Structure formats: C-alpha cells, structure tokens
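One structure is given below, encoded as structure tokens.
The values are calculated or read from the model by the stated rules, or taken from the named source; none is laboratory data. From a predicted model like this one, the values you see are computed outputs, not experimental measurements. Cβ coordinates were reconstructed from backbone atoms using ideal geometry, including for glycine residues, and neighbour counts include every protein chain displayed. The protein model used for the area step is the full one, side chains on, heavy atoms only, and it has no ligands, DNA or RNA in it. Shrake-Rupley method; radii C 1.70, N 1.55, O 1.52, S 1.80 Å.
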Amino acid sequence: MRQRPPLPVRDGLGPARLRLLGGRVYEELERRFGIGAKVLAGEVVLPDGAVVDATTTLPPGAHVYFYRDLVDEVEVPFDIPVLYRDDDIVVADKPHFLATMPRGGHVVQTALVRLRRALDLPELSPAHRLDRLTAGVLLFTVRPQIRGRYQRLFAERGVRKTYLARAAGSATVALPTTLRSRIVKHRGRLQAFEEPGAPNAETYIEDIGEGLFRLTPHTGQTHQLRVHMASIGLPIIGDSLYPNVIDVAPDDFEHPLQLLAHRLEFTDPISGRDRVFVSARRLG
C-alpha cells in the first residue's frame with residue numbers, strides 16, 4: 001500500500017511524488033525539471049517529512065514530495081453538480097471535457113480538485129475514473145480509510161454501469177449484441193486498438209431508437225466503449241479519436257462526445273444498502 005504523503009492537500013491539490021534516478025537531489029531536480037530552487041527553498045521533503053537540502057543524496061528509486069507549480073489551464077465552463085453526499089461518499093454528475101483527476105496538462109480543471117475546493121473535502125478521492133470527454137455519474141470517497149473498499153467494488157466488477165451514446169452510421173452487426181475483443185492501449189499512443197488474443201473487453205450494446213444506444217460494459221478497458229462502437233460501424237458522435245484522430249483546440253467545447261455514464265448501481269460495502277445513482281444530463 002502506498003504511504004500517506006508527508007505534505008497535506010493544499011487548495012485542493014496533493015503534493016507531487018517523484019521517483020528519483022539517484023544522486024544529489026538538488027542536481028537531479030534542476031537537471032530534469034529546472035526546479036532545483038524548490039530544494040534551496042526547503043520545499044522538497046522525504047516520505048518521513050524530513051526536508052531535503054542542497055547536499056541530500058538519495059539512491060535510485062527513492063521518492064521525494066513537493067507542490068508542483070501550476071500553469072494556466074483553459075477553464076472548463078461547466079458545473080459539476082453533486083447528486084449525493086454523505087460521510088462516506090460523494091456522487092457527482094461530471095460534465096464533458098473535465099478530467100477526473102490531475103494528469104498531464106489537466107490539474108486544476110479536474111473533477112477532483114474542483115470538488116475538493118467546493119466541498120472543503122481535502123481527502124476526497126475518486127473510486128473510479130471517467131474519460132475526460134465522457135460525462136456522467138462519478139463516485140468519490142470522502143475518507144482514505146474506506147477508499148479501498150469502494151475501489152475494490154470496481155476492480156472486482158461489483159458495480160453495474162450503464163452508458164448512453166448517440167452514434168452515426170449503420171451497424172455492421174445485428175443489435176442487440178455482446179462484443180468481446182482484446183483491446184490494448186499503449187502509453188504515448190492516442191488510440192487504443194483491438195488485436196488478436198484472449199478477450200479482455202466485453203460490452204453489451206442495445207439500439208433504443210432515434211440514434212441512441214444503451215451500452216453495458218462488463219469490463220473497463222481504456223476507451224472500450226468508443227472502440228467497440230466504432231468497430232461495428234457506429235462511431236460515437238463527437239468522438240475525436242475513433243475511427244480517426246481529429247485535432248480539436250483546447251478551448252473548443254462546442255462538440256462534446258455523445259457518451260454519458262448514465263447509471264451506477266452497487267451494494268454499498270459500508271452500509272450494505274443497494275445504491276442507484278442516475279445522471280441528470282441528456283445527450284444532444
């Protein structure tokens with residue numbers, strides 16, 4: 001289990017955790033990232049909270065923590081309503097274009113940071129993720145002590161997820177159908193792709209009329225629904241990756257991906273209650 005960070009969440013953001021190549025920490029941070037000044041300012045700490053100084057030397061694989069410098073981000077101009085909140089969980093209705101949690105160039109403009117700030121819940125954490133371009137029901141845990149129990153629900157397929165999608169084209173298979181295939185996503189490559197081999201992705205697809213489809217995934221591979229829909233001649237409207245990669249400006253919010261995490265159902269691991277949460281959003 002990963003150790004609790006030695007620095008607290010500050011303004012909705014936890015500290016960055018960096019794995020070192022080894023040697024003098026000041027020299028490595030300056031050489032790799034140009035942030036040696038953080039060491040000189042006493043802003044870099046070890047896992048036990050000890051402050052790194054200009055002479056600190058650490059072996060390869062050691063970790064240090066510090067607060068990252070924020071860069072300007074394009075503001076996502078949509079609200080993130082809370083569908084439900086208690087002492088254990090928060091369920092939000094994420095808009096399109098908002099990442100679930102900090103990654104890459106999306107840090108402040110993420111559901112996690114915005115909710116931590118709005119709700120004053122510094123230890124809020126996502127129990128699962130939605131793609132940045134996908135809207136809908138997103139579950140967070142309030143306290144770190146219970147986080148693992150909810151995350152295991154998703155890892156062990158104890159959650160029933162239902163999506164809605166609007167798609168263009170004509171299906172190349174009879175619907176409803178269950179698609180099973182092997183989907184792989186490589187780091188640095190925008191698209192996931194299907195390849196021969198044992199299936200690791202399964203989606204049940206139903207046509208519910210007027211260009212709207214109900215998708216029930218039984219696995220959770222990256223971009224699974226988008227890949228499966230495109231593979232049967234029904235690319236999701238607004239998809240900038242499948243079947244073809246389309247360049248979209250960071251501030252272009254006019255054509256959201258028509259994919260919605262519509263419904264989430266599970267038996268609560270804390271209370272034992274059956275939970276059902278439904279997005280209030282509509283596609284198109």
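General observations
- When 88, 79 are checked against the criterion of being among the acidic types (Asp, Glu), at pLDDT 95 or above and open to solvent by 40 Å² or more (accessible area, probe 1.4 Å), 79 stands alone in meeting it.
- Considering 71, 90, 64, 52, the condition of being more than 30 Å from residue 284 (Cα to Cα) and touching a Ser or Thr at 6+ places or on another chain (Cβ under 9 Å) is satisfied by 64 alone.
- Here is the figure for the stretch 224-240: residues that are under 17 Å from the mean Cα position of the chain (by Cα), under 21 Å from residue 284 (Cβ atoms) and either assigned to a loop (DSSP other than H, G, I, E, B) or not hydrophobic (A, V, I, L, M, F, W, C) (or both) total 1.
- Filtering 108, 113 for residues that are outside any strand (DSSP E or B), touching a Gly at 6+ places or on another chain (Cβ under 7 Å) and buried (at least 16 other Cβ atoms within 10 Å of the Cβ) leaves a single hit, 113.
- Every pair of residues 6+ apart whose Cβ atoms lie under 8 Å, when the first sits in the stretch 27-47 and is within 15 Å of residue 60 (Cβ to Cβ) while the second is in a helix (DSSP H, G or I) and open to solvent by less than 40 Å² (accessible area, probe 1.4 Å): 27/36; 29/36; 29/38; 29/39
- Hits in the stretch 116-132 (condition: in contact (Cβ under 8 Å) with a residue 12 or more places away in the chain, of a type outside the set (A, V, I, L, M) and either closer than 20 Å to residue 280 by Cα or in a loop (DSSP other than H, G, I, E, B) (or both)): 122, 123, 126, 128, 129, 131, 132
- Filtered residues of the stretch 223-237 (kept if free of Cβ contacts under 8 Å to residues at least 60 places away in the same chain and open to solvent by 20 Å² or more (accessible area, probe 1.4 Å)): 230, 231
- Residue in the stretch 141-155 that is assigned to a strand (DSSP E or B) and over 21 Å from the mean Cα position of the chain (by Cα) present: no
- Between 178, 172, the distinction of being surrounded by fewer than 14 Cβ atoms within 10 Å (Cβ to Cβ) and free of Cβ contacts under 8 Å to residues at least 60 places away in the same chain belongs to 178 only.
- Single residue of the stretch 57-76 satisfying the filter (part of a loop (DSSP other than H, G, I, E, B) and in contact with a Lys or Arg (Cβ under 7 Å, 6 or more places away or on another chain)) that is most open to solvent (accessible area, probe 1.4 Å): 67
- Selection within the stretch 78-99 - assigned to a loop (DSSP other than H, G, I, E, B), farther than 19 Å from residue 275 by Cβ and of a type outside the set (D, E, K, R): 78, 80, 95, 96, 97, 98
- Considering residues of the stretch 7-43 that are closer than 30 Å to residue 119 by Cβ and either among the polar types (S, T, N, Q) or over 27 Å from the mean Cα position of the chain (by Cα) (or both) only, the residue most open to solvent (accessible area, probe 1.4 Å): 43
- Selection count, the stretch 181-199, where residues are in a strand (DSSP E or B) and either open to solvent by less than 70 Å² (accessible area, probe 1.4 Å) or out of contact with any Asp or Glu (no Cβ under 6 Å at 6 or more places or on another chain) (or both): 6
- Pair list, Cβ < 7 Å and 6+ apart or interchain, from the stretch 133-146 residues that are in contact (Cβ under 8 Å) with a residue 60 or more places away in the chain and more than 14 Å from residue 259 (Cα to Cα) to residues that are of a type in the set (Phe, Trp, Tyr) and outside any loop (DSSP other than H, G, I, E, B): 139/150
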